[in-house]
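Computed from the coordinates by the stated procedures, all read-outs in this text should not be read as laboratory data. Just so it is clear, the model here is predicted, and its values are computed rather than measured. In this analysis, Cβ positions are derived from the backbone assuming ideal geometry, glycine residues included, and neighbour counts consider all displayed protein chains.
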Amino acid sequence: MGKTLFEKLWDLHVVCEDDDGTCLLFIDRIYLHDLCGAFSFQMLNKNGYSVRRPEAVIASPDHTLSSKCGRAGEDSPECRSILPRLRRGCKKYGVTLFDINDDRQGIIHIIGPEQGFSLPGMTILCGDSHTCTHGAVGALALGVGTSEVYHALATSCLWVRKPKTMRIWIGGTRDDGVEPMDIILHLIAEQGISRGIGYAVEYCGPVVEQMTMDERFTLCNLTIEMGAEYGVIAPDDTTIAYFRDKPNAPKGKMLEALIAHCKEIRSDPDCKYDAEISEDITGLTRQITWGINPGQTVSVFGGVPSVPAGADENEKTLFEKAYGYMGYGPGMRMQDLSIQRVFIGSCSNGRLSYLVKSAALVKGKHVAGGVEALIVPGSMAVKRAAEAQGLDDIFTEAGFQWGEPGCSLCAGSNGERVAAGQHCVSTTNRNFIGRQGRDARTHLASPVTAAMAAISGKIQ
Amino acid sequence: MRKFETFRGVAVAWLLPNIDTDTISPMKRLILNPDELDVYSFEPYRFVGGDGDSGLLDPEFPLNQQTYRNAKILIAGENFGCGSSRETAPEAIAKCGFRCIISSSFGGIFTKNCYQQGLLPLVFPKEMVLSFAEQSKDKGIFEVNLIKQCVVSPDGITHFFEIEESRRDMLLNGFDPVQRTLNGSAASFEQFLKRDRTARPWLYTHEL
C-alpha cells in the first residue's frame with residue numbers, strides 16, 4: 001500500500017522509535033516568536049542546556065509588539081516584560097533575531113515561508129498553534145507548548161505520536177469574492193471545531209490546486225481551529241515557483257535537488273487515509289462568525305442561529321453564553337448589525353495579495369463614520385512591497401490606520417484591544433471570549449468582507 | 001516536574017464544551033501576572049462580568065464553590081483546551097490543585113502540554129464522563145491510580161485507561177525528558193544526521 005504525503009514527511013524524520021510507538025522526530029527548523037522564545041530560553045537557562053543547532057533557529061518578535069508607527073519596543077507593559085528576554089536569549093544562545101526595524105521582521109508564520117526558511121519536506125516547530133500554516137509548502141509543521149520548544153531547542157528533536165490522516169478534497173466553482181477564509185470557516189462550521197482532533201489534514205482537489213500560495217497559507221493556518229494540529233498541501237509548480245527565488249532557498253544544484261524532492265513528497269495513488277471529506281464549494285457565499293468560536297459561522301447573508309434541536313443542557317448553556325457575550329439573540333440578521341472596528345492583518349490574512357484586494361475595494365472611498373479601521377501588514381517585506389505599490393496611501397486616504405508588522409489586534413498581547421461591547425470584523429483566526437479585549441465582540445471574516453465592512457459600517 | 005502519585009480525592013464537574021485556552025489562561029494575565037495563573041484562570045467564568053480586576057468571584061462557577069475547594073480532579077466538557085498552544089493553561093489548572101482532568105476529548109496541543117505540567121488528561125466516553133460528573137456532586141471520592149492505569153469512581157467501579165508507556169513514566173518519575181533524549185538517542189541522532197546530509201543536502205548547505 002502507498003503512503004500519504006504526511007506519512008512520507010513523518011518517515012523522513014524519524015530518528016528512532018520508542019517501544020510504545022512514539023517517535024523521535026528530527027526538527028529541521030525551529031521558529032521563535034517573542035512569547036515562546038522568552039519562555040523557552042528561561043527553561044534553557046534554568047536547566048543549563050544550550051541550543052543544539054542554533055543555525056536552524058530563527059526568532060522574530062510579533063505577539064507583544066505595538067503596531068503603532070514609531071514603536072520602540074517599550075510601548076506596552078507586555079512588550080517591556082517580554083522583548084528584552086527574547087533579545088537576551090537570542091544573544092546568549094546564538095539565535096538569529098529579526099528585531100524591530102529589521103527588514104525581515106514580521107509575524108513568524110509569514111516570514112518563515114517569505115524568507116525561504118520554510119521549504120517542502122521539512123519539519124518545522126514553533127511554540128504557537130498556528131504553526132500549521134507552514135504545512136502549505138508541503139512541510140510537517142507542528143505547534144507545541146513552551147516545554148516542547150525547549151526540548152526541541154536543546155535536542156533538535158521531539159517525541160511525537162503519529163496522528164491519523166484525513167484528506168479534505170475541495171472542488172466546485174469558487175464564486176467571485178469567496179476567499180480561502182470563507183472556505184475554511186465554512187468547513188469548520190460544517191465539520192465542527194473538534195472534528196480534526198488526532199488528525200493530520202491534507203488539503204487537495206482542484207480548488208486547492210488553483211490557489212495561490214498566500215491563499216494556501218490561509219487554508220492551512222485555520223486547520224487548528226478544526227482541532228487538527230497539522231495541515232499539509234502537496235508541493236506543486238505553484239509551490240516551486242513561490243520558494244525558488246526566496247532569499248534563503250537553496251541555489252543552483254541544491255535547488256534542483258530540492259525541486260526533485262518535491263515530486264517525491266506527494267501522496268501515492270494507492271494510499272489510504274483514516275478519514276476523507278469532500279467539499280463542493282459551488283454556491284458558497286462569504287462567511288462570518290456570529291459567536292465565540294470559529295465554528296459558529298454563518299453566511300454574511302444569514303442570521304444568528306437558534307440553539308440546535310437535540311442540544312443537551314451544556315450545549316444550550318454555551319449558545320446562551322455566546323448570545324449574551326455578543327449582545328444579540330437568535331434570528332438577528334448579520335447584515336443588520338452595526339460594527340465599530342475593522343482589523344485586516346494577522347498570520348491568517350496579512351499577506352500582500354490580500355492587501356492588494358482590500359485596497360481595490362476601498363480606493364477612493366472612506367471608512368464609515370463611527371468605525372475605526374486598522375490594517376497591519378504581516379511582515380516588513382509585505383509592508384515595503386505594499387508601500388512600493390502605493391497601497392498605504394490608498395488605505396490612509398480612505399481613513400484606515402496603517403500599522404507596523406506584528407500580531408496587533410489578533411492576540412491581545414500588546415496593549416492593542418477592541419473596547420468592551422464593540423463589534424470588530426477581523427481577518428484573524430480566533431473569536432474566543434476576551435481574545436481581542438475584555439467583552440470585545442469579534443467577527444472573523446475574509447479581507448474582502450472586512451474591507452467592505454469598513455466602508456459601509458455594516459456586514460455585507 | 002512534580003512526580004505523579006496515586007491519589008484519592010473529590011472531583012468538580014464543569015461540562016461546557018469547547019473551552020479554549022484563552023479562557024483557561026487569558027493572555028494579559030499570563031504575561032503580566034505570571035505568579036497568579038491560578039487566580040485568573042477561567043477569568044471569563046470565574047469572575048462576575050468576566051472581570052478579574054473586580055475581584056468579585058461568581059458563585060455560580062463550580063470551581064469557586066466551597067464544596068469543591070480541594071478537588072483534585074476536573075471533569076470537563078468535550079474539546080476541552082482547544083485553541084492556543086499556551087502551556088500556562090495546564091500550568092494554571094495544576095496550580096489550582098488539580099492532578100487529573102477527565103473529558104470525552106481534549107485539544108491536541110493541550111493534551112501534550114498537560115503531561116509537561118504533571119497533569120494527567122484522561123479520555124473516557126461521554127456517558128462515562130456524565131456519570132462521573134453525577135457522582136462528583138456528593139463529594140464522592142475518586143481514586144486515580146497511574147500505576148494500575150485505572151480510575152475507581154465513588155460507586156466502587158474500576159475503569160481502566162490506556163496511556164503510552166513513555167508518558168506514564170514521565171509523569172511517575174517527574175523527569176525532564178531532555179536528558180533522556182540526549183543520552184538515550186545519541187547514536188541514532190548521529191546516524192540520522194549522517195544519512196540525512198546525503199539524502200537532503202540542501203538543508204545543510206544553506207543553514208542560517
Roughly what % of DSSP beta bridges within the protein assembly as shown run antiparallel, to the nearest 5? 30
Show me A:229-237, A:128-136, B:96-104 ranked by packing, highest mean number of other Cβ atoms within 10 Å first. A:128-136, A:229-237, B:96-104
Taking the convex hull of Cα positions in the stretch B:7-175, its mean projected area over all directions (nm²): 9.2
Positive-end residue of A:Ser60, A:Ser446, A:Pro305, charge dipole of chain A with Cβ unit charges: A:Ser60
Would you mind putting A:392-400, A:70-78 in packing order, based on average other-beta-carbon counts within 10 Å, highest first? A:392-400, A:70-78
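Give me a single rounded figure for A:141-153: the average over its residues of other chain Cβ atoms within 10 Å of their Cβ.
Details: counts 0, 4, 5, 6, 17, 8, 12, 8, 2, 5, 6, 2, 1.
Neighbouring Cβ atoms belonging to other protein chains average 6 per residue here.
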Averaged across A:17-24, how many Cβ atoms of other chains sit within 10 Å of each residue's Cβ atom? 4
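Over the Cα atoms of the protein assembly as shown, what is the Rg over Rh ratio if Rh follows Kirkwood?
On the way: Rg = 23.7 Å, Rh = 25.1 Å.
With Rg and the Kirkwood Rh in hand, the quotient comes to 0.94.
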Non-local residues with an amide H under 5 Å from the amide H of A:Gln422, with H modelled 1.01 Å from N and Pro and chain starts lacking one, are A:Arg441
Roughly how many Å is it from the Cα centre of the stretch A:6-25 to that of the stretch A:94-172, as a whole number? 17
Of the beta bridges DSSP finds with both residues in the stretch A:287-456, what % are antiparallel, to the nearest 5? 25
Amide H proximity to B:Cys100 below 5 Å, modelled H, separation 5+ or other chain, gives B:Leu74, B:Leu120
Among A:Pro84, A:Ala275, A:Gln422, pick out the residue whose Cα is farthest towards the positive end of the charge dipole of the protein assembly as shown, where Lys and Arg carry +1 and Asp and Glu carry -1 on C-beta, about the Cα centre. A:Pro84
Among B:Ile141, B:Ile93, B:Ile24, determine the one that fluctuates most according to a GNM of chain B built with springs between C-alpha atoms less than 10 Å apart. B:Ile141
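Hey, got the average number of other protein chain Cβ atoms within 10 angstrom for residues in B:9-20? Please report the intermediate quantities before stating the final value.
Working: counts 0, 0, 0, 0, 0, 1, 6, 6, 9, 12, 4, 10.
Mean inter-chain Cβ contacts per residue within 10 Å come to 4.
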Across 10 Å bins from the origin, how do the percents of Cα pairs in the stretch A:1-284 run, short distances first? 7, 28, 34, 23, 7, 1
Looking only at chain B, where both bridge partners belong to it, what percent of the DSSP beta bridges are antiparallel (to the nearest 5)? 45
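For a quick protection proxy, order the peptides A:401-409, A:177-185, A:298-306, A:417-425 by their average other-Cβ count within 10 Å, most packed first. Intermediate results must be reported in sequence, preceding the final value.
Details: A:401-409: 25.9, A:177-185: 24.3, A:298-306: 16.9, A:417-425: 19.7.
Order by mean packing, descending: A:401-409, A:177-185, A:417-425, A:298-306.
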